[in-house]
Amino acid sequence: MTTAALKSYGPLQFPDRAGLALWQFTRAQRLGLILSPDVAGGRWSAAVFDDAVARIDTIRQAVGTLPDVGATRAEEHLAARFSITVHAGTAAELARRGHLPVVGEYRDRPLYCGLALESFRDRRKVERASAAGQLHMRDAAAEILGVRERDFDHLVRAGLLAHSEIVEGQHHTQVRLYRQADLDRLTRSRRIDWPAVHATPKGHRSPLASLPTRSADR
């Protein structure tokens, strides 16, 4: 049975009757493949709808098969595509480097462009982003730096290290995560006498205690 044509189409009627998933419809609009609403009330005329249906195969091919996704799914996709380990934080690092567009958000978390993920071909860029963007909890970050917890607090207090992300832990606690590239940068800093820090015996005052506290307005 053929569905009767309408004089105009709403934002749910249009994709449903055209045979597009809502994410395909949204992406097609973003790519300019479907025109903006041209009828009052944010609706599309039958002429715009008919034009899109006539090009539906071209539209489907252009929008790809992967919807916009969060970081976890993006990283899972890259891991499967390249058969490599992809650490949490890789998607954000790729975005930071301009390789993976952020196209929206869901529950205050970024959504990454599925079309860009689907067409991603550079394994080396993923490997580099995975190494640099890997996230560590506080204890692990302190261990990487080879410092005591109190020393770690001094580095944060002085503004030499800041968390890259906050996630929700057990019992709704907030867990700060630190980026590998920031830890690597800090280990190369000439502001810190690392041999002296590492040589300080337990129970003795750390050289990091003398670091000035970063003011709140800086």
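Solvent-accessible area assigned to carbon and sulfur over the chain amounts to 51 percent, based on a 1.4 Å probe. Fully extending the segment from L35 to K7, taken as 0.36 nm per residue of separation minus the present Cα-Cα distance, adds 8.5 nm. Expressed as a whole percent, the proportion of Cα-Cα pairs in segment 125-218 lying more than 24 Å apart is 25%. Our coupling estimate for segment 188-199, obtained by passing each phi through the Karplus curve with A = 6.51, B = -1.76, C = 1.60 and θ = phi - 60°, is 9, 5, 7, 6, 10, 8, 4, x, 5, 4, 5, 8 Hz, Gly and Pro reported as x. Database remark: amide H of L100 closer than 5 angstrom to the amide H of A95 (H placed geometrically; neighbours at sequence offset of 5 or more, or on other chains; Pro and chain starts carry no H).
Mean separation of Cα pairs under 8 Å and 6 or more residues apart, divided by the residue count, gives the chain a relative contact order of 14 percent. Helices of the chain meeting both criteria, an alpha-carbon length of 30 angstrom or more along the long axis and an average Kyte-Doolittle score not below 0.0, with helices taken as full DSSP H segments, do not occur. Across segment 122-218, C-alpha contacts under 8 Å between residues 6 or more apart give a mean separation that, scaled by the residue count, equals a relative contact order of 32 percent. Over all Cα atoms in the chain, the spread is summed up by Rg and Dmax: 24.7, 83 Å. The Cα center of segment 1-59 and the Cα center of segment 128-162 differ in position by 50 Å. Put D153, D182, D38 in order of accessible area, highest first, and with a 1.4 Å probe you get D38, D153, D182. In segment 1-120, the DSSP beta bridges split such that about 100 percent are antiparallel, to the nearest 5. Amide hydrogen proximity for V69: with H placed 1.01 Å from N in the peptide plane, the residues at 5 or more positions away or on another chain lying under 5 Å are Y112, G114.
The values are calculated or read from the model by the stated rules, or taken from the named source; none is laboratory data. Source: prediction; values computed, not measured. Areas reflect the complete protein model, heavy atoms only, side chains present, ligands, DNA and RNA absent. Shrake-Rupley method; radii C 1.70, N 1.55, O 1.52, S 1.80 Å.
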